[in-house]
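Notes for the one structure printed next.
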Amino acid sequence: MSEHKLLNLEAIVAASKRIQSHVIRTPVLERTVGGCTLLIKPEGLQATGAFKLRGAINKMAGLPQPCPGVVAHSSGNHAQAVARAAKILGLHAVIVMPDDAPPIKRAKTEADGATVVVVGPDSDERRDRAAAISKDQGLVLVEPYDDLEIAAGQGTVALELIEDAGDIDMLLVPVSGGGLMAGCAVATRALCPTARIIAVEPAQKDALSQSLAAGKRVAVPPPKTIADGLRVRRVGAHTWPILQSHVDRVVMVDDPALEEAMAWALMELRIVLEPSGAAALAAALDIARSGGKGRLGVVCTGGNVEPKLLARIATGINSGRFLSPAKGCSE
């Protein structure tokens, strides 16, 4: 069966019903910038500070019982989501995290009772360790993105956005492994068929851009970017065909543009974004300031930012550093 038949609007609507008692239906914040209406979905308001709880609950609530427990690999937000879902569902959880994960994300993961195993910074290393733990301990592997049940849960973000805000002309979603984008793209294509679907990647991690150009999945070297949640080196095998058929355009954003979007969110929305969570907003602001028009759905994925970085952003606001928009977006 094709990926498109396994991940469809019906699966996303079913996921919405399954997870609704465990997640927050985040609001849509509307702002006008230039000729664009930005319709912003602030997923940092979720209990774990990011959208990832949606997919984790959808996947784990359907596991066969009795379940011996779960194992996952993540730089932070999926780790927290799996730990919280395991706590809700009464499951044992082991999470493999990189040694450069933000300490706040590791602390929150452990606070929900998960056992954390630390490895090096490469996403492939933590993926391989999680697979080994799954085999050795008999735990169910809960993938961070390359699972269509995970993607269906993440797709509820776009489902809610369109249900609450109405039709959109464009959807902007950050891409790491592609689970969020796959789910959101399928929901958007079904509900707003003419909307353009824009993937956003860090300038230092153009795995999707390269893959679309090559017509096959391409892996990139370990990325160096402040967007720790977007450092996966290749898109997923299951998400790839959906991304290939649904994504209309890729926009890349550099670190200064991410910081400027974080500052804008603090000043204009009164919300905190982590760098990964600000990626789609950075791209949307650039489109709006460059003469774009229309209704832009913008997925701001999370707000689990390190206090030191947040303090730097606040200092930049006070000094006037962000009064001139950063020029850090490109095709």
Scan segment 86-102 residue by residue and report those that are in contact (Cβ under 8 Å) with a residue 40 or more places away in the chain and under 30 Å from LYS308 (Cβ atoms). VAL94, ASP100, ALA101, PRO102
Just checking, which of ALA86, ALA79 is among the small types (Gly, Ala, Ser), crowded, with 17+ Cβ neighbours inside 10 Å and within 25 Å of PRO275 (Cβ to Cβ)? ALA79
Just to be sure, is ARG126 part of a helix (DSSP H, G or I), at negative phi and in contact (Cβ under 8 Å) with a residue 40 or more places away in the chain? yes
Among the residues of segment 28-65, which ones are in contact with an Asp or Glu (Cβ under 9 Å, 6 or more places away or on another chain), within 30 Å of ALA93 (Cα to Cα) and open to solvent by 50 Å² or more (accessible area, probe 1.4 Å)? GLY62
Inspect all residues belonging to segment 248-261 and state whether any of them is out of contact with any Cys (no Cβ under 6 Å at 6 or more places or on another chain), open to solvent by 60 Å² or more (accessible area, probe 1.4 Å) and among the small types (Gly, Ala, Ser). no
Name the residues in segment 99-120 that are modelled with pLDDT under 90 and in contact with a strand residue (DSSP E or B) (Cβ under 9 Å, 6 or more places away or on another chain), would you? ALA101, LYS105
For ASP206, are the conditions met, namely being under 16 Å from the mean Cα position of the chain (by Cα), surrounded by fewer than 22 Cβ atoms within 10 Å (Cβ to Cβ) and more than 15 Å from VAL298 (Cα to Cα)? yes
For the list (1) within 27 Å of VAL272 (Cα to Cα); (2) assigned to a loop (DSSP other than H, G, I, E, B); (3) touching a residue at least 24 places away in the same chain (Cβ under 8 Å), I need the number of the one condition that ALA237 fails. (1)
Determine the pairs where a residue that is assigned to a loop (DSSP other than H, G, I, E, B), located within segment 173-201, has a partner that is of a type in the set (S, T, N, Q) with Cβ atoms under 6 Å apart, the partner being 6 or more residues away or on another chain. GLY178/THR239; ALA195/THR188
Of the candidates VAL157, VAL175, the one satisfying the condition of being in contact with a Leu (Cβ under 6 Å, 6 or more places away or on another chain), modelled with pLDDT of 95 or more and open to solvent by less than 50 Å² (accessible area, probe 1.4 Å) is VAL175
Which of the residues belonging to segment 130-172 are in a loop (DSSP other than H, G, I, E, B), of a type outside the set (Asp, Glu) and over 19 Å from ALA83 (Cα atoms)? GLY155, GLY166, ILE168
Here the residues within segment 267-298 that are surrounded by fewer than 16 Cβ atoms within 10 Å (Cβ to Cβ) and either of a type in the set (Lys, Arg) or under 21 Å from ALA185 (Cβ atoms) (or both) are ARG270, ARG289, LYS293, GLY294
Out of all the residues in segment 107-120, is one or more crowded, with 24+ Cβ neighbours inside 10 Å, at negative phi, out of contact with any Pro (no Cβ under 9 Å at 6 or more places or on another chain) and assigned to a helix (DSSP H, G or I)? yes
Just need a number here: residues in segment 83-106 that are part of a strand (DSSP E or B) and either closer than 22 Å to ILE57 by Cα or of a type in the set (A, V, I, L, M) (or both). 5
Restricting the search to segment 296-308, which residues are under 21 Å from the mean Cα position of the chain (by Cα) and farther than 19 Å from LEU45 by Cβ? LEU296
Taking segment 66-76 and keeping residues in contact with a strand residue (DSSP E or B) (Cβ under 8 Å, 6 or more places away or on another chain) and open to solvent by 20 Å² or more (accessible area, probe 1.4 Å) leaves CYS67, PRO68
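The values are calculated or read from the model by the stated rules, or taken from the named source; none is laboratory data. On a predicted model such as this, the values are computed, not experimentally measured, just so you know. Heads up, the Cβs are rebuilt from the backbone with ideal geometry, glycines too, and the neighbour counts pull from every protein chain shown. Quick note on the areas: whole protein, heavy atoms, side chains included, nothing else; ligands and nucleic acids left out. Shrake-Rupley method; radii C 1.70, N 1.55, O 1.52, S 1.80 Å.
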